[in-house]
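Please treat every number below as a calculation from the coordinates, not as lab data. Computed from a predicted model, the values in this text were never measured in an experiment. Don't worry about glycine lacking a Cβ; one is built from the backbone with ideal geometry, like all the others, and counts go over all protein chains shown.
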Amino acid sequence: MTGTAARLLPVAVVIAALAPLYVALVGSLTPDARLFQSVPLVPTPLVWDHYRALFGTRGFWVPLGNSLVVAVATTLLALLLGAPCAYALARLRFRGRAIVLALVLAVSMLPQISVVPPLFLFLRELGLIDTHAGLVLPYLTFAMPLTIWFLVTVFRQVPLEIEEAAMMDGASRLVAFRRIVLPLAAPGLATTALLTFLFSWNEFLFALTFTLGPERHTVPVAIALFRGQYQVPWGEVLAAALVATLPVALVVLVAQRRLVSGLTAGGVKG
Amino acid sequence: MASIQLEHVEKRFGDDVAVRDLSLDIADGELLVVVGPSGSGKSTVLRLIAGLEAPTAGRIRIGGVDVTDTPPQARDLAMVFQHYALYPHMSVRDNLAFGLRMRNVAAETIARRIEDVARSLGLTPLLDRRPGQLSGGERQRVAFGRAVVREPRAFLLDEPLSNLDPRLRGSTRAELALLHQRLGATMVYVTHDQEEAMTLGTRVAVMRDGAIEQVAPPTEVYRRPANCFVAQFVGNPAMNLLPGASWRMAAPQGLETPRSGLTVGIRPQDIALVGPDEGDTAGRVELIEPLGGTALAHVRVDGLPRQLVRVLLADDADIAVGARVGLRPRRDRLHFFNGSSGCRITATDESDGHGSD
């Protein structure tokens, strides 16, 4: 009995998780006229009108490109700056290490809305309103604490003995970090990158506040602004939502191979 | 190859003293074994020499040059770690090459040295595998190979055999002794196993509580332990330490009995069991542990109610549990220690008392 239940539960969870996505898929292929009648489980005939409108008149390529640039830049910068920072916090003994870690965490505790006005003023002073950099910079205020906290844990899991072996072999700490620690931390780095990318891809409030026109809007903002004064183009919204999940799904698929751990097996006796 | 000197080295971790005022001279080409129970600071001594820890006080010299403030990568020492610490993302070949590449050795030289070392350690068929695909013994050999291929000024070995199963440990120990003979290299070997210390070391340093209790060749440590701790730590089964007053026996001539009394040390193999009335003292056999070729008898000696005296027997000895026996220790193998400080007391005529085996 319990065996059957245990096997059915994951199936139920997967169905529950995928159901909205399926409804979106069906909806995005159904003409507006029939959209508010009961949507059939299998749509017939398939209509590509919403996708044509999305990439034609709506110009959905633009927010898609903006989101991609901003999310990729945020992820790369967060890893590039966060990794050495996290390594120092994980491995070096210095005064105030615990305080630094606590402060980093405190930054990510601030409600997002409370930092919007000051950030807006900063960005206006810097002339970065309505630019890609004007989104990447504020995103880093949230992405960096996330990255640092994750990577501190990741780096601590790399056996210290292996690093010490590298140093006995003549590697400086920096070389040991690059040649030994980073490759061994690759699965953790991939996970962190994935989360940072997801966070940046989904972010809405900053993107809405710090961009002015449709040529700088990111995907979530663009979709939210689809609604006209009198109607919401649900078909296009559903189509856009599906398109927006595609890059994320791709990133997960690519990262998945690295997420499978076990890379450190055999270095030290397990 | 180089000599290593530690001069009044101290290491504190916060309020804990791991190593206290330790001075040690390790000669060029020597295999010094640092032995002690866990927590005695022996690994810290090795890490101080390696440069992985910085001493709180004192100086460290390698080849006569002060390296106290030199980082580990510039000391040109090779270390074999307890858990091997191989680079799991590299092939065996790259593991061996890493240290040489770090020192900008020419590619042909690297290839040649790897080939030589791989052949001598039997690693040639493993060169393209990763550490994860190797057995424990193979990983151990790769760890040795990674150290040997470097041709360092000295080798540091941190309990390198403790993760091997007992049979493999014996053969690897012999290989290591041969390796030391062949290379003539300076080696510092840390272990908690007194048997490894006795068989491998040209000298043995016995440590306790961050200090060295005695440094001497293994036979000297065994025959003339400097104090009660060394006496009990070295040798298996461990030496009996008995209050001198309970032992019906005159101290040898020239031995001054300290005011705090004497502790008498007798190794289990230096006591013979005789008839109840023939020995220096008598007692009852409480337990017999067969050890293969020999057996260990635990005897409750009259007047010593809280202590069992260990006596090593031949396995064909005809003695049963519960029997009354007499004990006759070999007079020339007795050790005398100060009853309170535990320090060895040397009789004036002791210098020739131990030469017979």
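Descriptive notes on the structure:
- For segment B:1-22, the residues whose amide N sits under 20 Å from a probe point set 7 Å from the Cα of B:ARG61 along the beta carbon direction are B:1-11, B:21-22.
- Spacing of the two label points (7 Å from each Cα toward its C-beta) at A:VAL254 and A:THR141, in nm: 2.9
- All Cα pairs of chain A, percent lying beyond 32 Å: 42
- Between amide H atoms placed 1.01 Å from N, distances below 5 Å from B:ASN240 occur with B:ILE266, B:ARG267, all of them 5 or more places distant or on a separate chain.
- Here the label points at B:ASP69 and B:LEU168, each 7 Å from Cα along the C-beta direction, are separated by 4.4 nm in the simple model.
- For B:HIS8, net neighbour charge (Lys/Arg +1, Asp/Glu -1) across residues whose Cβ lies under 9 Å away: -2
- Theoretical ellipticity at 222 nm over chain B - DSSP helices of four or more residues, -39500 (n - 2.57) apiece, nearest 500: -7000 deg cm²/dmol
- Mean separation of Cα contacts under 8 Å, 6 or more apart, over the residue count of chain B: relative contact order %: 16
- Gain upon complete extension [B:THR294, B:ARG101; 0.36 nm per residue less C-alpha separation]: 64.2 nm
- Structure-based [θ]222 nm, chain A - -39500 (n - 2.57) summed over DSSP H runs of at least 4, per residue, nearest 500: -23000 deg cm²/dmol
- Taking every DSSP beta bridge that has both ends in the protein assembly as shown, the antiparallel portion is near 75%.
- Model label sites at A:LEU46 and B:ARG331, defined 7 Å from Cα along the beta-carbon direction, differ in position by 10.8 nm.
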